[in-house]
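Read the figures in this text as sums done on the coordinates, not as results from a lab. No experiment lies behind these values; they were computed from the predicted model shown. FYI the Cβ positions are ideal-geometry reconstructions off the backbone, even for glycines, and counts take in every protein chain you see.
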Amino acid sequence: MFCNKRWLYQMALMAVIYLFFNIPVIEAASYKILVVMSYEEENPWCIQIKEGIDSVFTGDGEIKYFYMDTKKNFEDGVRKAKEVYELYKRFRPDGVIAADDNAQSMFVLPYLKDKVKTPVMFCAVNAEPEKYGYPASNVSGVLERDFISESIAFAKQLVPSINTVGFLAKDSPSGRAILKQVKIESDNYLAKFAGFKLVKTIKETVAVLDEYKKTCDAIFITSTNGILDTNGNPLDNEQVTRTVAEFYKKPLIGANDFHVRYGVLCAVVKSGNAQGRMSAEMLLKAIKGTAIKHIPITVNKYGRRMLNVTVMKELGIRPKRRVLVGTQLVKTSENNK
């Protein structure tokens with residue numbers, strides 16, 4: 001009897017708080033979040049995004065992660081999207097986070113956008129939001145933009161003789177979206193734009209490198225995960241970066257910290273951690289009652305300079321000391337060579 005009275009008292013007190021102070025009574029532990037990653041679990045970009053999401057929802061209930069693996073197996077993405085939708089129906093999450101472009105086109109658009117009331121936040125989307133009809137009644141999020149202009153400017157500070165730059169990416173939705181970004185921005189780069197090559201295989205990659213050796217002082221590489229080897233197996237970012245560095249023998253510019261750690265000379269890197277954290281914070285607002293129309297789409301704004309000193313020494317680069325101020329210095333580890 002005593003326990004029942006105590007329980008009734010607690011319930012009544014919560015109701016009073018809700019009615020008179022208009023405070024949503026949502027237990028932090030009640031949050032159920034479904035996160036749909038476009039790529040594989042071991043992908044360093046996915047790992048960063050997960051870290052950012054977990055930093056917001058730590059201790060706040062149950063998070064289920066689903067990895068669509070579309071960098072390595074794009075053709076299976078439609079089936080994976082159906083699978084995750086079945087998970088969505090069983091799990092009945094309070095909110096969804098969908099990372100990168102493939103999760104939008106394969107999962108959010110056909111199954112969630114304007115079809116359910118569950119709030120959905122995207123992150124790491126390279127395409128313009130209009131491509132997916134965003135924002136939608138239940139969808140907002142964070143766009144991802146490479147700091148290309150800033151990275152080229154940093155490279156020229158390190159190597160003033162860089163006058164032309166070519167681009168290399170996997171032929172994928174992300175790669176094509178970055179190509180559009182380059183076409184819009186390239187007139188403002190501090191080095192002349194010398195072409196953008198989208199490749200599917202390592203054989204095509206090597207052929208492009210042979211061409212770029214003659215036409216480019218540097219190459220900007222991005223979105224390289226999943227390029228196929230000679231046996232048709234997908235290569236990861238480390239394998240592709242190492243191959244490009246071995247064949248090109250000139251400065252490489254990147255977009256991600258893992259590219260620099262794998263053998264790219266330098267980059268102004270974007271943060272997957274920030275993408276995950278920002279999208280999680282936006283989703284938390286929606287779960288707590290903020291209307292999606294009051295949670296505008298945003299874009300990553302801040303990057304940090306990284307320099308691989310191992311590559312710098314191998315290329316005989318001797319930058320002025322002031323160029324290194326505020327730059328994170330890393331080395332190519334032995335197991336990455």
Query raised in the report: Quick one, what does Rg over Rh come out to for the chain if you take C-alpha atoms and the Kirkwood Rh?
Result: 1.06
Query raised in the report: Rounded to the nearest 5, what % of the DSSP beta bridges within segment 97-158 are antiparallel ones?
Result: 10
Query raised in the report: How fast does segment 121-197 diffuse by Stokes-Einstein, in µm²/s, taking the Kirkwood radius from C-alpha pairs at 10 °C and 1.306 mPa s?
Result: 114
Query - Tilt relative to the chain, helix 202-215 - C-alpha long axis, 0 to 90 degrees, to 10 - result: 50
Report summary line: As straight-line cross-link partners of Lys64, the qualifying aspartates and glutamates (C-alpha separation under 19 Å, not fewer than 8 residues apart within one chain) are Glu27, Glu40, Glu41, Glu42, Glu51, Asp54, Glu83, Glu86, Asp94, Asp100, Glu281
Report summary line: Protection proxy (average C-beta count within 10 Å per residue), highest first, orders 240-250, 277-287 as 277-287, 240-250
Query raised in the report: Which entries of Lys32/Lys115; Lys197/Lys250; Lys192/Lys250; Lys82/Lys117; Lys71/Lys293 show an alpha-carbon separation above 21 angstrom in the structure shown?
Result: Lys71/Lys293
Query - Mean Cβ count within 10 Å, highest first, over the residues of peptides 230-239, 140-149, 100-109 - result: 100-109, 140-149, 230-239
Report summary line: Dividing the mean separation of Cα pairs under 8 Å (6+ apart) by the residue count of the chain yields a relative contact order in percent of 18
Query raised in the report: Peptides 255-262, 300-307: what's the order by average Cβ count within 10 Å, highest mean first?
Result: 255-262, 300-307
Query raised in the report: How big is the antiparallel share of DSSP beta bridges in the chain, given as a percent to the nearest 5?
Result: 15
Report summary line: The relative contact order of segment 150-231, taking Cα pairs under 8 Å that sit 6 or more residues apart, comes to a percentage of 43
Query raised in the report: Among the lysines, which fall within straight-line cross-link reach of Lys301, defined as a Cα-Cα distance under 16 Å, with same-chain neighbours fewer than 8 residues apart omitted?
Result: Lys270
Report task. For Ile297, list long-range residues whose amide hydrogen, built 1.01 Å from N in the peptide plane, is under 5 Å from its own amide hydrogen. Result -> Gly141
Query raised in the report: Helix 148-158: angle to the longest alpha-carbon principal axis of the chain, degrees 0 to 90, nearest 10?
Result: 40
Query - Sum of -39500 (n - 2.57) over DSSP H runs of 4+, divided by residues of the chain (222 nm, nearest 500) - result: -12000 deg cm²/dmol
